[in-house]
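Here's the structure, in structure tokens; my notes come after.
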Amino acid sequence: MSRRSPPGPLDYGRRLWLRLWLLATFVFLYAPIVILVAFSFNDSRRNIVWQGFTTKYYIAAWNNASLLEAFTNSLIVAAVSTSLSTVLGAMLAVALWRFRFPAKPLLEGANALPIVIPEICMGVALLVFFSRAGLLASLGWPLGLLPVILGHVTFSFPFVAIVVRARLATFDRSLEEASLDLGASEWQTFRYILLPWMKPGLVAGALLSATLSLDDFVITFFTSGPETLTFPVKIYSMVRFGATPEVNAASTVLILVTLIMTVLAMRLQSPARAETTQ
Amino acid sequence: MDDWRSAPQVFWTFLLPGTLWLALFFFAPLALVWLLSFGERTGPATIVVTWTLDNYRQAVDPLYLGLFWKSVWIAALSTAICVAIAFPVAVAVSFAEERHKPLLLMVVVLPFWTNLLVRTYAMIAVLRTNGYLNYLIEYLWIAAKTVADPLGIGSVFGDRYRPLEILYNDAAVVFGIVYVYLPFAVLPLYATLERLDRSLIEASLDLGASQLATFFRIVVPLAQPGIVSAVILVFVPALGTFLISDLLGGPDSQLLGNVIERQFKAANNVPLGAALSFLLLYATFAALALRAWLVGRQGRDV
């Protein structure tokens, strides 16, 4: 069909009003973020009209010691919780993929629960639990980050387990049998056959977990002590004091970091990539 | 799949770490909150579990029950708007040319990966009295007045534009929820529309049904599993939202999430907060059970 012919009855993708609807939705989704980023470079405190390009709010944000500390905290929390949740999630994925056992559906359901329940329920539960365990008393840095890290691992590793299990589902188990037949031990088979196969899933799961950790506000809000803020919680308290261009600058940095990780994770999981690695 | 008894050592090594973690840092805290919801405060930091039902009684008294229904109502309204916006988007993406689909999907999903707080904050700049939405409306207002003035009906627009109070009310909360959770609604709808047998649409059109009749009597019923998933994916987080209503809502648009937060932090009434969070949890489970039931029924019909 040539491009110029009128759309057929089923060519919904070429109908003008649907295209306009799609465009309007994209504008709705992106305009606020684009405006936020653009005005972090606007040379005016109050004005919403463009006054000229400046990077002074980034410099101000950089010189804001507590903001920088919160950013460092976020990176530490993301690094530690990602390592832990990748290992925990991957191990659980292998167990669920490889074995048949009683009460398996129950365990699968339990594993999905942290993903589906409202974040605030999990947040207050961890708050109560950690304060009873004495973990929320002013422990100072870096120990004060411990409850935040524990909370982040809890909501991220079920996601990792799902991603890794999806990868394992495409594994050809005759490779494992061949390896065992040729005299490799269980451990060697795991290390040299299964683990390399899992790798794209592990990387995607780790990136997902890091993004979730850097993005999380609700759980962190309830588990962080007064002296150990993370970046989103710090931005929240800045927003409560009033919207300033420094908040825009800090938000832009956060958008950029998570954007890069998301695009990386998506590329790793895209079908084209999966085909080349098979 | 192997039976776990074929290699019990391997089985336990892989299964236990994650399961124990979940038990310790997820189920134990939830169980603690559940216990505390039956407790009484005997001091500023001491709670004794007496199996009293007072907290639940207080949680369903008119003040909190009204708040619960308001949260349900706001979540339901936002969900309906989300699905109504998302359906044409999902149709447009699933009927787009094959080579454009990955890009279109990525464009839909990317905002979802942008921080929730940042997106809510971005809404403040759009909705506030001297924000971009008012700026846009003022621009349209001036344009309309310029057209209307020579016609002698310019007076209906008033002398000067008075900015609308859009931020800090319930409407702003709904706006924020729709903005934040819209990608959640598009994805499941797209997934079902993608699998939909298009010859059924063709058959309906060939047999003389209009596009509109085909849409409501063929496409919507067939897309029901996707609609149910979209509704749940938006409704559950919207019901428990606390950040969006905190930043965009006014003093009287506090939702269940805000009240729970206050009980655990400023008000320090943990037993009441615990009872309220479990009511929220039960409502979530009810929504999930409804979904399972609807999807199961759909499966039997086919």
Applying the span-like rule to chain A (DSSP H, Cα extent along axis at least 24 Å, Kyte-Doolittle mean at least -0.5) gives A:16-39, A:65-98, A:146-168, A:195-215, A:245-269
Would you please give the residues with an amide H less than 5 Å from that of B:SER37, counting only those at least 5 places away or on a separate chain, with H modeled from the backbone geometry?
none
Percent of C-alpha pairs per 10 Å bin, chain B, short to long:
5, 18, 23, 24, 18, 8, 3, 1, 0
Tell me, what HN-Hα J-couplings in whole Hz come from the Karplus equation 6.51 cos²θ - 1.76 cosθ + 1.60 at θ = phi - 60° for each residue of segment B:9-21, using x for Gly and Pro?
5, 4, 4, 5, 4, 7, 7, 5, x, x, 5, 5, 4
Nearest-0.05 FRET efficiency for B:GLN224 and B:LYS101, computed from C-beta distance (R0 25 Å)
0.65
At 222 nm, what helix-only mean residue ellipticity would the protein assembly as shown give, in deg cm²/dmol to the nearest 500, using -39500 (n - 2.57) for each DSSP H run of four or more?
-22500 deg cm²/dmol
Show me the ranking of peptides B:208-219, A:115-126 by mean Cβ neighbours inside 10 Å, starting with the highest.
A:115-126, B:208-219
Could you order the peptides A:214-223, A:69-78 from most to least packed, using the average number of other C-beta atoms within 10 Å per residue?
A:214-223, A:69-78
Cα centroid separation, segment B:1-59 to segment B:158-175 (Å):
45
Name the long-range amide H neighbours of B:ILE47: under 5 Å, sequence gap of 5 or more, or other chain; modelled H, no Pro or chain starts.
B:THR42
Express in nm, to one decimal, how much length is gained between B:ALA84 and B:THR13 on full extension, taking 0.36 nm for each residue of separation and deducting their alpha carbon distance.
20.8 nm
Zone of B:TRP34 (label point 7 Å along Cα→Cβ, backbone N under 18 Å): which residues in segment B:230-265?
none
Mean other chain Cβ within 10 Å across B:9-16 is 5
Leading residue at positive end of dipole, segment A:55-207 (Cβ point charges), from A:SER179, A:LEU146, A:VAL94
A:LEU146
Shielding of B:93-100 by other chains, given as the mean Cβ count within 10 Å, works out to 3
Note to self: with every protein chain in place and a 1.4 Å probe, segment B:9-52 gives an accessible area per residue in Å² of 52
Unit charges on C-beta of K, R, D, E only; dipole of chain A, Debye:
800
Could I have the simple spin-label model distance between B:VAL48 and A:ARG45, label points 7 Å from Cα toward Cβ, reported in nm to one decimal?
5.5
Enumerate the residues in segment A:163-187 having an amide nitrogen under 18 Å from the point lying 7 Å beyond the Cα of B:SER6 toward its Cβ.
A:168-187
Which pairs break 32 Å Cα to Cα here: A:LYS199/B:LYS101; A:LYS104/A:LYS199; A:LYS56/B:LYS101?
A:LYS56/B:LYS101
When the Kirkwood hydrodynamic radius is evaluated over all pairs of different C-alpha atoms of the protein assembly as shown, what value in angstrom, to one decimal, is obtained?
26.3
Overall Cα dimensions of chain A - principal axes, largest extent first, Å
72, 71, 31
Once you put a point 7 Å from the Cα of A:PHE171 and another 7 Å from the Cα of A:ARG267, both along the Cβ direction, what distance in nm separates them?
2.6
I need the chymotrypsin sites (Phe, Trp or Tyr not before Pro) found in segment B:124-168, filtered to DSSP loop residues with at most 15 other beta carbons within 10 Å of theirs.
B:TYR161
Highest-first arrangement of B:242-252, A:201-211, where packing means the average Cβ count within 10 Å:
A:201-211, B:242-252
What aspartates and glutamates sit close enough to B:LYS70 to cross-link, taking a C-alpha to C-alpha distance under 13 Å and skipping anything fewer than 8 places away on the same chain?
B:ASP170, B:ASP252
Calculated from backbone phi, Karplus (6.51, -1.76, 1.60) coupling profile of segment B:53-61 in Hz, x at Gly/Pro
9, 4, 5, 5, 4, 5, 5, 9, 6
Cα centroid distance between segment B:227-266 and segment A:214-254, in Å?
18
Shielding score for B:225-235, defined as the mean number of other chain Cβ atoms within 10 Å
0
Ratio of segment B:112-229's C-alpha Rg to 2.2 N^0.38 Å, to two decimals?
1.62
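The values are calculated or read from the model by the stated rules, or taken from the named source; none is laboratory data. Note that the structure is predicted; figures quoted are calculated from it, not measured. For neighbour counting, all protein chains shown are included, and Cβ atoms are generated from backbone atoms with ideal geometry for every residue, glycine included. Quick note on the areas: whole protein, heavy atoms, side chains included, nothing else; ligands and nucleic acids left out. Shrake-Rupley method; radii C 1.70, N 1.55, O 1.52, S 1.80 Å.
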